[in-house]
Amino acid sequence: MGLKFVLGRSGSGKTHKCYEEMIKKSQESHQDNFILLVPEQFTLQTQKDIVSKHPNKGIMNIEVLSFQRLAFRVFEEIGGTTKKILEETGKSMVVRKVLEEKKNQLKIFNKNIDKMGVVNELKSAIAEFYQYNLEQTSIEEMIEKTNASPLLQSKLYDLNIVFKGFKNFLEENYITNEEILDILQQSISQSIFIKNSHIWIDGFSGFTPIQYKVLEELIQIGKETSVTVTIDPREDLKNLDKYQLFYESKKTYNTLNDIGKNLNIKPKIDLIEATTPIRFKNKPALAHLENNIFRFPYEKYEERPKGIHVYLADDLDKEVEYIARMITKLVRDKGYQYKEIALITGDIKRYELFIKKSFGNYKIPYFIDQKKSIQSNPLVELIRTTFEIIHSSWSYESVFSWLKTGLCNIEKDKLDLIENYVIAYGIRGRKKYEMQWEKNYPHRAVEEENLFVLEEINGMKNKVIQPLINFQDKIKGKNKTVKTITIALYELLVELNIQGQLEDYEETFKDQEELLLERQYRQIYPMIMDILDKMVEILGDEVVSKKEYIAILEAGLEQAQMGLVPPGLDQVVIGDIERTRLKDIKVLFLMGANEGVIPKVADKGNILTDRDREIIEEKGLSIAPTAKQKLYEEQFNLYSNLTKPQDYLWVSFSKLNGEYKAIRPSSLVNQIMKLYPKLEVLYEDKKDVQEYIGLPESTIKYLIETLRESKSKGLSEQWKSVYNWYFNSPQWHKKLEGLIEGLFYENKTFYLSRQTAEKLYGKVLINSVSRLEQFASCPFSHFIKYGLKAKDRLHYEISMPDIGLLFHESIDRISKKLEQQNIEWEQLKEATIDKIVEETVYEVAEEYGHGVFFSSAKNEYLIKKVIRITKRTIWALQKQITSGKFRPTDYEVAFNSDKEKFDSLNIQLSEENLLQLTGRIDRIDKYEEEDTVYLKVIDYKSGQSSFDIVALYYGLQLQLLVYLNAAVELEKKNQPKKEVIPAGIFYYHIDDPLLALEKNITNEEREEALLKKLKMNGLVLEDEQVIQMLDSTINKESNIIPVKYKSNGELAATSSVASKEKFDQLSQFITKKIKDIGEELVKGCVEIKPYHYKNKKPCEYCNYKAICQFDPSLPENEYNQLKELPKDKIWDLL
């Protein structure tokens, strides 16, 4: 029985001294046992170190153990407990089960039990209760003492209920990892192994209360116990200040010292007082860092520090890239091995992707020392979505999340075919998946000669969903036990051959030398089987709902983590400041020395806040440290890590974070710069070309950057040599050409050849008017839509064009029904309008889009909205028609230039090329006199469209004039003896506008206000007689057409009117404009040239932005700026 402290600074040789002493004694006394107790994550490395230092290169009577391994070693000897150990995943499942059972008793957590992370937080709180030896009576007493803090009292009340339920569940059959140390403490006195052991304890920065109890037993029973404590010899061991660097070290010393006194043991102290620790005997700058960092007062190092560097990067990517370059340089030029280099940070996840990219390019072998969550693994996603499919009644999202895991035995291209079909026809629910799909495959049925063979898609679909159907059938109904559901899940995994598929992935990753991925895929299936086994073992006979089952399973999956072993011997270790323990490294990179990373921002997810913990401590209970205390613990961890390298220390930080937002440097940077006044912050300046030239994979990036920067001044001789090497390399030549092409790429298009244009559009160009308007809007968008025929994926949903089509078709059918039933517009009654509108809209909705309008309550509401607006439209149309002498004669008049050989529809572009126009006129109204026919053309618009003669001039509004030309030519053909005169062209906006009116108004005034809002806009023939025929009710301003009179009876300037000569001018201009557009099409114009007129830009609503990548900031990308011109100027131009 004895106790000895080995005290000294970091790097002073405490561990080395213990190893030497242990090895020497083990050689002298073969009968005794020698135990080296270290943290769990140190055991493997420590065994290697002991073996390498031992003269015999092997150990027989030395055992390297952690606290838990020590427990099992003692239990092997004397027997421990018959209870099974409940590991972390099992604990999570039990906590979730207890929460479900006790949720009605909980005050706070009852509303949050389904939230991600809640189970883990509660499990951590329970572990804390065990670690700090808190009994239930202590917690109940604390609840009574916290009346002044109701929220804390409620938290403790809930925690106590969960803790009690957890302990009751475990009582007969299980113990936790934390309770193992309790049993160990009670068992040590019976252990001959311990009685014959010399014990060394190394690598700990502090201990929990239960660990101290175990240590007390070890000190009392063992032959001699030696404990290393990292502390500055200048420190006063009795001065316990929580907010000092060596507080935990002092606490450890004083607690163990008190234990020794209670056992009547006078501890020995072996104080290593060397001014310069052994580790830094040839590195005074690093020794100065160890001696002064985080100390006050501190001494400045007046020389330029050798071996210490601080680097500022522009962003995280460049920070990692710099570190990769430095590592390569150290290995290449200075002969370091990768295993002698380590990289630590406060946030590995922030840097993980950048590390993978840069270290991959530089071919640097590395191992990230962190436990990996299995949440993102495809198998976990498959299990999760299996239950989500059933819970969501086979929703699209859940089904295809399941299918896209890559574990459902379907090739990606075939999966895309099924997905397109499902999206296009809105397939939801198990019944629709089970039935035979018979509708034509979207797009293909219309556009391809051979219809898509549905047998193939049905065969694939039936094959992949059958395992799901089998699974659902096995678990349907109530009163299913955890065991029943788990067996069904296991059988699903067997049916899908998951184990075999994962083995195939494992082999693939092995061939690709992705060793970490290979190990992950090797581990995942046994891990999942272990979780399922635990569920059956712990909760097998419990009757649960499917929702409860998945909640328990999720709790287990959330907790499960993979502990990965380094795949090689010579590699850079990348670790976390808290978790990673470094041994015998020569170079350390401290990455991410920014605020929020070093030191870490306190985790806000803990159930008990810092203030809660302070109150609990004030009331006399010992509990885990607050965030402020942890900050000083992290400072100690930083101190330990910063003092690990023997030769070099790099500290790097960045100007921008991963979201490219500015971030501040850590206070650590400031402290280092104060310690070393002559230390300069390094930046990337590319002066040392050699630093950037290395492996082909890493160097090519810098070559391209240098080319970009040297466009005007040319390359240096060194970079010219590098360029020539890539250019002459068979392996890299093609890639270099591609990168250079990208470097000098200009986002502009050129004219297609006439031959290519002819293949796309044909010699006879059959075009709708809207297609020509799209060309005028942007030639490139026309090329993509009509030349390449790119189409959006069809979705089973309602878009604005769908609603517009519903309006158009409904209004057309209503108009034709009135004509068929011989109902004049003057005779229409409100009841007739209501009846005919409702039946027609429902009739059209049923026929349209495979029932999409009835697929949801939201869509059915849209139908009611369409009915309301259509009723208002028919009412307004009736008022407009009956206010003048014109009457509708034709609805939805389709014209086809191939059938109707009209001059206005057939425009000769050249001897070889003809442009034929097609279209559909919504409505033609006529008024006939003896020798004259007046025509009025109306186009219905569900969106806001206003007639704009300037837009017409630029080719953006061709429709009304083309329709008018066709209508006039058709009427002349039908009535050749009469003069046909255009009376007007109009847009009618389909709407049911809201009115802001005074309260006491008559129905007539309300109707007049509505008509004014729904007034048609367009162009009217400047003829008093025609204006009266269009609106005989007009007084000063028409509510029907865009005409207004001055007080002297003249037409106001705001009236949209034109003489017959001007209408003729417009007719001729439109023909010329269409011919111009047609000629550009034939020439192969595909310019990326969207217009900019007033505040309108077609790019805002364009589906092809991702293809053209138009960027007005690029010199080659400019809008087609269309000037706003006065009307008189436009007429002159016409």
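The values are calculated or read from the model by the stated rules, or taken from the named source; none is laboratory data. It should be emphasised that the depicted structure is a prediction, and the values quoted were computed from it without experimental measurement. Please note: Cβ atoms are built from the backbone with ideal geometry, for glycine as well, and neighbour counts cover all protein chains shown.
Scan the stretch 201-215 and tell me whether some residue there is small (Gly, Ala, Ser) and in a helix (DSSP H, G or I). Looking through the stretch 201-215, none of the residues is small (Gly, Ala, Ser) and in a helix (DSSP H, G or I). Looking at the stretch 115-129, I want the residues that are over 21 Å from ILE210 (Cα atoms) and have a partner that is of a type in the set (Gly, Ala, Ser) and assigned to a helix (DSSP H, G or I) with Cβ atoms under 7 Å, at least 6 apart or on another chain. Which pairs are those? Once the first residue is over 21 Å from ILE210 (Cα atoms) and sits in the stretch 115-129, its partners that are of a type in the set (Gly, Ala, Ser) and assigned to a helix (DSSP H, G or I) give VAL119/SER92; VAL119/ALA555; ASN120/SER92.
Could you say whether any residue in the stretch 222-235 is surrounded by fewer than 20 Cβ atoms within 10 Å (Cβ to Cβ) and either more than 30 Å from VAL64 (Cα to Cα) or assigned by TED's automatic domain parsing to the domain that holds LEU608 (or both)? Within the stretch 222-235, one or more residues are surrounded by fewer than 20 Cβ atoms within 10 Å (Cβ to Cβ) and either more than 30 Å from VAL64 (Cα to Cα) or assigned by TED's automatic domain parsing to the domain that holds LEU608 (or both). Of the set (1) touching a Lys or Arg at 6+ places or on another chain (Cβ under 8 Å); (2) closer than 27 Å to PHE109 by Cβ; (3) buried (at least 19 other Cβ atoms within 10 Å of the Cβ), all apply to SER154 but (3).
Residue-by-condition table, conditions (1) under 19 Å from GLU224 (Cα atoms); (2) basic (Lys, Arg); (3) under 46 Å from the mean Cα position of the chain (by Cα):
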position	(1), (2), (3)
LYS14	yes, yes, no
LEU37	yes, no, yes
PHE42	no, no, yes
SER52	no, no, no
PRO55	no, no, no
GLY80	no, no, no
ILE85	no, no, yes
VAL94	no, no, yes
VAL98	no, no, yes
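Take the residues in the stretch 78-123 that are in a loop (DSSP other than H, G, I, E, B) and among the small types (Gly, Ala, Ser), then tell me which one is farthest from LEU156 (Cα to Cα). For the stretch 78-123, the residue satisfying everything is GLY79.
Looking across the stretch 1077-1095, the residues that are charged (D, E, K, R) and surrounded by 15 or more Cβ atoms within 10 Å (Cβ to Cβ) come down to GLU1079, GLU1080, GLU1087, LYS1089.
None of GLU518, GLU507, GLU554 is assigned to a helix (DSSP H, G or I), within 22 Å of THR385 (Cβ to Cβ) and not assigned by TED's automatic domain parsing to the domain that holds VAL118 except GLU554. Of THR870, THR832, all but one fail to be among the polar types (S, T, N, Q), under 27 Å from MET1016 (Cβ atoms) and in contact (Cβ under 8 Å) with a residue 60 or more places away in the chain; the exception is THR870.
A quick yes/no check of all residues on (1) of a type in the set (S, T, N, Q); (2) assigned by TED's automatic domain parsing to the domain that holds GLU503:
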position	(1), (2)
GLN337	yes, no
LEU343	no, no
GLY346	no, no
SER393	yes, yes
ASP413	no, yes
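For THR1054, the conditions (1) touching a residue at least 40 places away in the same chain (Cβ under 8 Å); (2) of a type in the set (S, T, N, Q); (3) closer than 29 Å to PRO1098 by Cβ all hold with the exception of (1).
The set of residues in the stretch 234-277 that are closer than 21 Å to LEU3 by Cα and small (Gly, Ala, Ser) comprises SER249, GLY260. Only one of the numbered conditions (1) in a loop (DSSP other than H, G, I, E, B); (2) among the acidic types (Asp, Glu); (3) over 22 Å from ILE704 (Cα atoms) is violated by GLU746, and that is (3).
Applying the condition of being aliphatic (A, V, I, L, M) and in a loop (DSSP other than H, G, I, E, B) to the stretch 266-306 and asking which residue is surrounded by the most Cβ atoms within 10 Å (Cβ to Cβ) yields ILE293. Of all residues in the stretch 763-816 being polar (S, T, N, Q) and without any contact (Cβ under 8 Å) to a residue 24 or more places away in the chain, which is surrounded by the most Cβ atoms within 10 Å (Cβ to Cβ)? Within the stretch 763-816, the match that is surrounded by the most Cβ atoms within 10 Å (Cβ to Cβ) is GLN774. Residues in the stretch 1098-1134 that are closer than 26 Å to LEU1066 by Cβ and surrounded by 11 or more Cβ atoms within 10 Å (Cβ to Cβ): 9 in all. Residues that are of a type in the set (Ser, Thr, Tyr) and farther than 20 Å from GLY206 by Cα were ranked within the stretch 1-60; the one that is surrounded by the fewest Cβ atoms within 10 Å (Cβ to Cβ) is SER52. Of the residues examined, THR405 is not one that is assigned to a helix (DSSP H, G or I), buried (at least 18 other Cβ atoms within 10 Å of the Cβ) and either on the phi > 0 side of the Ramachandran plot or not aromatic (Phe, Trp, Tyr) (or both). Suppose the filter is surrounded by fewer than 14 Cβ atoms within 10 Å (Cβ to Cβ) and either assigned by TED's automatic domain parsing to the domain that holds TRP732 or within 35 Å of the chain's Cα centre (by Cα) (or both); does SER652 pass it? No. Scanning the stretch 625-670 for residues that are part of a strand (DSSP E or B), touching a Lys or Arg at 6+ places or on another chain (Cβ under 8 Å) and among the small types (Gly, Ala, Ser) returns SER654, ALA662.
Within the stretch 892-931, being surrounded by fewer than 19 Cβ atoms within 10 Å (Cβ to Cβ) and of a type in the set (Ser, Thr, Tyr) holds for SER910, THR918. Taking the condition modelled with pLDDT of 90 or more and more than 24 Å from PHE636 (Cβ to Cβ), does VAL119 pass? The answer is no for VAL119. Within the stretch 344-384, restricting attention to residues that are crowded, with 20+ Cβ neighbours inside 10 Å and polar (S, T, N, Q), the residue that is nearest to VAL651 (Cα to Cα) is THR345.
Checking the structure you have, find out if any residue of the stretch 24-34 is of a type in the set (Asp, Glu) and not in a helix (DSSP H, G or I). So that I can check it myself, show each step before the final result.
From the stretch 24-34, those of a type in the set (Asp, Glu) are 28, 32; that's our starting set.
Checking the rest, the ones that are also not in a helix (DSSP H, G or I) come to 32.
Checking the stretch 24-34: at least one residue is of a type in the set (Asp, Glu) and not in a helix (DSSP H, G or I).
The set of residues in the stretch 750-762 being in a loop (DSSP other than H, G, I, E, B) and surrounded by fewer than 17 Cβ atoms within 10 Å (Cβ to Cβ) consists of PHE750, TYR751, SER753, GLY762.
Looking at ILE498, is it farther than 24 Å from LEU553 by Cα and either basic (Lys, Arg) or out of contact with any Ser or Thr (no Cβ under 9 Å at 6 or more places or on another chain) (or both)? Criteria not met by ILE498.
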